[in-house]
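Heads up: the structure comes next, in structure tokens.
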Amino acid sequence: MANHRLMLGPTRGDATSWIAMFVTACAAALAACSGEAPGGEAIEESEIVGDAPAAAITIPAGWTPVGLAAPNRGVRVYKKDGKNEYVTIVDMNNATALNLTGPLVAGAANGPDFKLIRRVNFTDFWGAARAQETATRRARVVVSGTFGTFNQPTGLAFGLKAGGNLISYGYAAPGGPSPEPHRVMLFAFNNARSRGWIGDYNRDSFTVSPDVVGAVHVDADFRPGDLTGRTFVGVRDDDRDGNAETILVFSSSSATTWQASTTISAFGAQQKVMLDGSYSTYLIVDGGPRISTAGRLVPHGIAFYSGK
């Protein structure tokens, strides 16, 4: 929340100067409404976060907004000129995020903490997202999610919790049955608190957060120099209150890890992680596939809705 200071009224001797200040302030306010600063300079576009204005958001050059169906408050998508590359910006104060999965499989070999999921066609997640629309929220974007395997059904490498339900701590995460030497990270979000969070893997996070997605550090050795599908997620604290209310998702059919990382940072990401990529990368906007998996089945997706 923004800080407010109590302003005391002027004394008789200060009346003239106070009136001048008041007139100047009114002029500045009128100029702001018209899109110009008092000196005639254009001002940067800002989003409204709750009741307080957020920091101005600068969109990097060469990115064009993608038109979304109405209502679309809280969700914006930008496309890189000349490339099959997108950044989705989600204001959690005015939007909702949901984890979507294929059908869960009972009787997983590693017990209830490491459930298996049937991999599905990525387009199935759009129908699943639409099925969870309400009178106040509408599905706008679905992006690819956490890492699985080529098995059917598949385990999840680095963990997943969806809507308060633990699916897996991650078979390849620290403490899992087959840990791998990556720096495992977590991306979590909380719709009730309108925030996202990114940090190092810790099982306690699965207790605290209703939705947790296993990921890896952006410097993980996942064919970093290859031009291949990439999905990176970042978070940003626009109103500087210590809570990241903005989620950013970079989706590309052909990028190196360096390109993905620097791009999402250019959009203001303060923390960032890598989700599944290569031919598991996909992006659906308003029901239309923008990036496809070329037939590969996937276990998980993240849907973003306009509205709460």
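Only one of these is of a type outside the set (S, T, N, Q), free of Cβ contacts under 8 Å to residues at least 24 places away in the same chain and part of a loop (DSSP other than H, G, I, E, B): Phe150, Phe122. Name it.
Working: Phe122 fails: free of Cβ contacts under 8 Å to residues at least 24 places away in the same chain.
Criteria check complete, one pass: Phe150.
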(message) The conditions are (1) out of contact with any Ser or Thr (no Cβ under 8 Å at 6 or more places or on another chain); (2) within 16 Å of Val249 (Cβ to Cβ); (3) assigned to a loop (DSSP other than H, G, I, E, B), and Val142 fails exactly one of them. Which is it?
(response) (3)
(request) Could you list, in sequence order, all residues of region 155-164 that are surrounded by fewer than 21 Cβ atoms within 10 Å (Cβ to Cβ) and either free of Cβ contacts under 8 Å to residues at least 40 places away in the same chain or part of a strand (DSSP E or B) (or both)? (result) Ala162
(request) Only residues that are in a strand (DSSP E or B) and not small (Gly, Ala, Ser): list them for region 233-261, please. (result) Val233, Val235, Arg236, Thr246, Ile247, Leu248, Val249, Phe250
(request) Go over the candidates Ile198, Ile264, Ile167 one by one and state the one that is within 21 Å of Thr96 (Cα to Cα), assigned by TED's automatic domain parsing to the domain that holds Pro289 and outside any strand (DSSP E or B). (result) Ile264
(request) Only one of these is on the phi > 0 side of the Ramachandran plot and crowded, with 16+ Cβ neighbours inside 10 Å: Ser194, Ser168. Name it. (result) Ser194
(request) Give Lys79, Lys83 a once-over and let me know the one that is more than 14 Å from Gly307 (Cβ to Cβ), in a loop (DSSP other than H, G, I, E, B) and in the same structural domain as Val273 (by TED's automatic domain parsing). (result) Lys83
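Filter region 204-242 down to residues that are among the small types (Gly, Ala, Ser) and crowded, with 22+ Cβ neighbours inside 10 Å and give me whichever is farthest from Ile291 (Cα to Cα). Walk me through it before giving the result.
Of all residues in region 204-242, those among the small types (Gly, Ala, Ser) come to 205, 209, 214-215, 220, 225, 229, 234, 242.
Subset that is crowded, with 22+ Cβ neighbours inside 10 Å: 214-215, 229, 234.
On the way: Gly214: 22, Ala215: 20, Gly229: 9, Gly234: 19 Å.
Checking each candidate, the answer is Gly214.
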(message) Restricting to region 265-285, count the residues that are among the aromatic types (Phe, Trp, Tyr) and closer than 18 Å to Leu186 by Cβ.
(response) 0
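Of all residues in region 82-127 being of a type in the set (A, V, I, L, M) and more than 29 Å from Asn243 (Cα to Cα), which is farthest from the chain's Cα centre (by Cα)?
Ala109
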(request) Could you tell me which of the residues Arg193, Arg230, Arg223 is within 15 Å of the chain's Cα centre (by Cα) and part of a loop (DSSP other than H, G, I, E, B)? (result) Arg193
(request) State yes or no: is Val143 in the same structural domain as Thr293 (by TED's automatic domain parsing), without any contact (Cβ under 8 Å) to a residue 40 or more places away in the chain and among the aliphatic types (A, V, I, L, M)? (result) no
(message) Give all pairs with beta carbons closer than 6 Å in which a residue from region 261-279 that is in contact (Cβ under 8 Å) with a residue 12 or more places away in the chain and farther than 17 Å from Trp197 by Cα meets a residue that is surrounded by fewer than 22 Cβ atoms within 10 Å (Cβ to Cβ) and of a type in the set (Ser, Thr, Tyr); count only pairs at least 6 apart in sequence or on separate chains.
(response) Ser278/Thr228; Tyr279/Thr293
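The values are calculated or read from the model by the stated rules, or taken from the named source; none is laboratory data. Not measured: the values here are computed from a predicted model. Positions of Cβ are backbone-derived with ideal geometry, glycine not excepted, and every protein chain shown enters the neighbour counts.
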